[in-house]
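Peer 1: Can you read through this structure? Questions will come right after.
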Amino acid sequence: MTLNTELIWTVVSFVLTLCIFSYLFGDNPLFRFATGLLIGVSAGYFAVIIIYQVLLPRLVVPLLQGSFPALIPLFLSGLLLTKLSPRLAKLGNLPMAYLVGVGAAIAIGGSLLGTLFTQVEGAINIFAPVASAGMSQKWILILEGGFLLLGTIAALVYFNFGGKEDKGNSVQRSPMVRFFSAIGQLFIAITLGAVFAGVMTSTITALIERSNFLLIAIKTFFGIG
């Protein structure tokens, strides 16, 4: 007797989907089992990835080949483990500072190069086709470019919290800054609304796909044509 692996995985998926849907009736052991299984499988998967793609090729193999610079991350990792002891926790500040510093540098560099500079370049390049466009399309391109440029500048002005102190010792922003800030707030609200709509659409799509899977699985189990 041969086992039908496809049928087995269909049954497993069917049961786990029902466990997740059981949350509609409140928190229960079935839902906690499914979420715990997801967390456990994810942790095991990442542990295997770390072992075979980080520790072995970047630490163990270089050490076996006599690469002494590999002792530096091993030493820092050992210091990081001292965070488990309240008495030795101060020794782990050095690797923690290194991790936070590198992480902050990567985040700031990614924000500048991948977001801010790209956004500025995109706002400038939107006017590039205007010179080669016909008279009928030129004004449309100018309006589109101006709209995008206005949204970019207004959104940046919205996060400018500087102001001048008036006679009543209260800080007020200039009328022009408040005007562009209001426009930027409108653009940000529209953007967040579009992002929320996209998330909701993805969630509803996943719900429809899982519901359709349950119906197909029930028809398969009971032989309903």
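Peer 1: Ala123: under 25 Å from the mean Cα position of the chain (by Cα), assigned to a helix (DSSP H, G or I) and at pLDDT 90 or above, yes or no?
Peer 2: Details: under 25 Å from the mean Cα position of the chain (by Cα): yes; assigned to a helix (DSSP H, G or I): yes; at pLDDT 90 or above: no.
It is false that Ala123 is under 25 Å from the mean Cα position of the chain (by Cα), assigned to a helix (DSSP H, G or I) and at pLDDT 90 or above.
Peer 1: Same structure again: Out of the residues in region 126-151 that are small (Gly, Ala, Ser) and modelled with pLDDT of 80 or more, which is farthest from Ser181 (Cα to Cα)? Talk me through it step by step, then tell me what you get.
Peer 2: Here is the first cut: in region 126-151, the ones small (Gly, Ala, Ser) are 128, 131-134, 136, 145-146, 151.
Next cut, modelled with pLDDT of 80 or more only: 146, 151.
Values: Gly146: 17, Gly151: 10 Å.
Among them, the one singled out is Gly146.
Peer 1: Just give me the residues in region 1-26 being surrounded by 10 or more Cβ atoms within 10 Å (Cβ to Cβ) and either at pLDDT 95 or above or within 27 Å of the chain's Cα centre (by Cα) (or both), in sequence order.
Peer 2: Listed by number, the residues that qualify are Ser13, Leu16, Thr17, Cys19, Ile20, Phe21, Tyr23.
Peer 1: Looking at Gln137, is it assigned to a helix (DSSP H, G or I), surrounded by 12 or more Cβ atoms within 10 Å (Cβ to Cβ) and polar (S, T, N, Q)?
Peer 2: Numbers: assigned to a helix (DSSP H, G or I): yes; surrounded by 12 or more Cβ atoms within 10 Å (Cβ to Cβ): yes; polar (S, T, N, Q): yes.
Yes, satisfied.
Peer 1: Among Ala47, Ala70, which is part of a helix (DSSP H, G or I), surrounded by 10 or more Cβ atoms within 10 Å (Cβ to Cβ) and either in contact with a Leu (Cβ under 9 Å, 6 or more places away or on another chain) or β-branched (Val, Ile, Thr) (or both)?
Peer 2: Working: Ala47 fails: either in contact with a Leu (Cβ under 9 Å, 6 or more places away or on another chain) or β-branched (Val, Ile, Thr) (or both).
Matching residue, one of Ala47, Ala70: Ala70.
Peer 1: Could I ask something else about it? Just to be sure, is Thr10 touching a Leu at 6+ places or on another chain (Cβ under 8 Å) and either in a helix (DSSP H, G or I) or of a type in the set (Asp, Glu) (or both)?
Peer 2: Values: touching a Leu at 6+ places or on another chain (Cβ under 8 Å): no; either in a helix (DSSP H, G or I) or of a type in the set (Asp, Glu) (or both): yes.
Against the criterion (touching a Leu at 6+ places or on another chain (Cβ under 8 Å) and either in a helix (DSSP H, G or I) or of a type in the set (Asp, Glu) (or both)), Thr10 does not qualify.
Peer 1: Could you say which residue among Leu64, Leu37 is of a type in the set (A, V, I, L, M) and either at pLDDT below 95 or surrounded by 14 or more Cβ atoms within 10 Å (Cβ to Cβ) (or both)?
Peer 2: Working: Leu37 fails: either at pLDDT below 95 or surrounded by 14 or more Cβ atoms within 10 Å (Cβ to Cβ) (or both).
It is Leu64.
Peer 1: Go over the candidates Phe187, Phe147, Phe213 one by one and state the one that is touching a residue at least 60 places away in the same chain (Cβ under 8 Å), aromatic (Phe, Trp, Tyr), part of a helix (DSSP H, G or I) and surrounded by 11 or more Cβ atoms within 10 Å (Cβ to Cβ). Break it down stepwise before answering.
Peer 2: Details: Phe187 fails: touching a residue at least 60 places away in the same chain (Cβ under 8 Å); Phe147 fails: touching a residue at least 60 places away in the same chain (Cβ under 8 Å).
Of the residues listed, the single one that is touching a residue at least 60 places away in the same chain (Cβ under 8 Å), aromatic (Phe, Trp, Tyr), part of a helix (DSSP H, G or I) and surrounded by 11 or more Cβ atoms within 10 Å (Cβ to Cβ) is Phe213.
Peer 1: Could you tell me how many of the residues in region 86-117 are among the polar types (S, T, N, Q) and modelled with pLDDT of 90 or more?
Peer 2: Result for region 86-117: 1.
The values are calculated or read from the model by the stated rules, or taken from the named source; none is laboratory data. Computed from a predicted model, the values in this text were never measured in an experiment. A quick note on method: Cβ atoms are made from the backbone with ideal geometry, for glycine too, and the neighbour counts reach across all protein chains shown.
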